[in-house]
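The values are calculated or read from the model by the stated rules, or taken from the named source; none is laboratory data. The structure presented is a predicted model; accordingly, all values stated were derived computationally and were not measured. FYI the Cβ positions are ideal-geometry reconstructions off the backbone, even for glycines, and counts take in every protein chain you see.
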Amino acid sequence: MRNDPLWDCLGDLPEDRPVRARLVRRGESDGYRLELWMLELNGFEEVPAYVALPAAGNGPYPLVLFNHSHGGLYEQGKRELVRSSAYLQPQSVAQALTGLGYAVGCIDMWNFGERSGRSESETFKEMLWNGQVLWGMMLHDNLKFLDYLCGRPDIDAARVATAGLSMGGLMAWWSAALDKRIGVTVDLCGQVEARALIERRGLDHHGFYSYVPGLLKSFETLDIQRRIAPRPRISLTGSHDRLCPPEGVRRLDEGLRAAYAEAGRPEAWRSVATSGGHAETADMRETWLDFLREHL
């Protein structure tokens, strides 16, 4: 984590430390087992996390690191894993993935769920003054959570995927770009190319969380996403999604097709455009679950 130029763009990070975990609750929910944990990941505040496991067996299970969305739903956070959202399909991600035999985990990101209570802009500004970057701190927590998950005896650390929609989609491909333990990437409505967003004057369609000071001096969006190749990745967008400008989606698709072809795995990259806007359609759900079945 400390010897990567991409991490260098993400501000001052917490000192690396072992993860400490405290089980709060364990029970049954919608045909799967659900655990609530409190984790010490960053030295600033405890991080609540859900871990959902198939109802049967003891593992080790393949893992999906799920990243919740934004949508201004600060009270939702990790609950999106088990309760879904208006722009996700009705069946919860936890139920869908555990039904396929996968374990799945999700934390509350900074300012969300049990970590809410002050505004995103307040957190962003305070961190900026202290040399930190909100997006960097989110990524740090997410990948320290992955440390915890991969250290569990019921998790197969050699079979790891990540998935999410919107902010969660951005988190998915950023996390995979930074951590090679992630073998499969699924991002929905998160294929945002920075230059296209500027050209479309769409910067205000996204919250403060994703803006990294000075990033474009060193990295274009394609530079970051190329780092995922040749690991399997599927990116799904709605044809009417203004948060993912279509010219940016096309440019990234062209660049990534070339990167995966050069790596000898052209079949491992898929860009899928469906009907609709900034939401997961039924077609998207079936498509990305099939992709996981094939590659995880």
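Things to note:
- Residue in the stretch 156-172 that is surrounded by 18 or more Cβ atoms within 10 Å (Cβ to Cβ) and either of a type in the set (F, W, Y) or over 13 Å from the mean Cα position of the chain (by Cα) (or both) present: no
- Only one of V93, V64 that is surrounded by 24 or more Cβ atoms within 10 Å (Cβ to Cβ) and within 29 Å of F219 (Cβ to Cβ): V64
- Of all residues in the stretch 65-90, those that are at positive phi have Cβ atoms under 6 Å from Cβ atoms of residues that are crowded, with 20+ Cβ neighbours inside 10 Å and of a type outside the set (K, R), 6 or more apart or on another chain, in G77/H68; G77/D108; G77/F112; G77/G113; S84/S92.
- For the stretch 283-296, the condition holds for at least one residue, the condition being that it is farther than 15 Å from Q191 by Cα, aliphatic (A, V, I, L, M), touching a Pro at 6+ places or on another chain (Cβ under 8 Å) and crowded, with 18+ Cβ neighbours inside 10 Å.
- Scanning the stretch 273-283 turns up at least one residue that is part of a strand (DSSP E or B) and over 30 Å from E122 (Cβ atoms).
- Scope the stretch 215-247; condition part of a strand (DSSP E or B) and either within 21 Å of L6 (Cβ to Cβ) or not β-branched (V, I, T) (or both); matching residues: R233, S235, L236, G238
- Subset of the stretch 253-273 (residues that are closer than 20 Å to A161 by Cβ and in contact (Cβ under 8 Å) with a residue 24 or more places away in the chain): L256, A259, Y260, A263, R265, A268, W269, R270, S271, V272
- Residue check for G207: touching a His at 6+ places or on another chain (Cβ under 9 Å), closer than 25 Å to G131 by Cα and at pLDDT below 95: yes
- The set of residues from the stretch 248-271 being surrounded by fewer than 17 Cβ atoms within 10 Å (Cβ to Cβ) and not in a helix (DSSP H, G or I) comprises A263, G264, R265.
- Residue check, G136 more than 28 Å from Y32 (Cα to Cα), in a helix (DSSP H, G or I), in contact (Cβ under 8 Å) with a residue 60 or more places away in the chain and in contact with a Gly (Cβ under 8 Å, 6 or more places away or on another chain): yes
- Of residues in the stretch 97-128 being in contact (Cβ under 8 Å) with a residue 12 or more places away in the chain and hydroxyl-bearing (S, T, Y), the one surrounded by the most Cβ atoms within 10 Å (Cβ to Cβ): T98
- Of the strands (runs of 3 or more DSSP E) that lie entirely inside the stretch 9-124, not one contains 3 or more residues that are within 24 Å of Y211 (Cα to Cα) and over 20 Å from the mean Cα position of the chain (by Cα).
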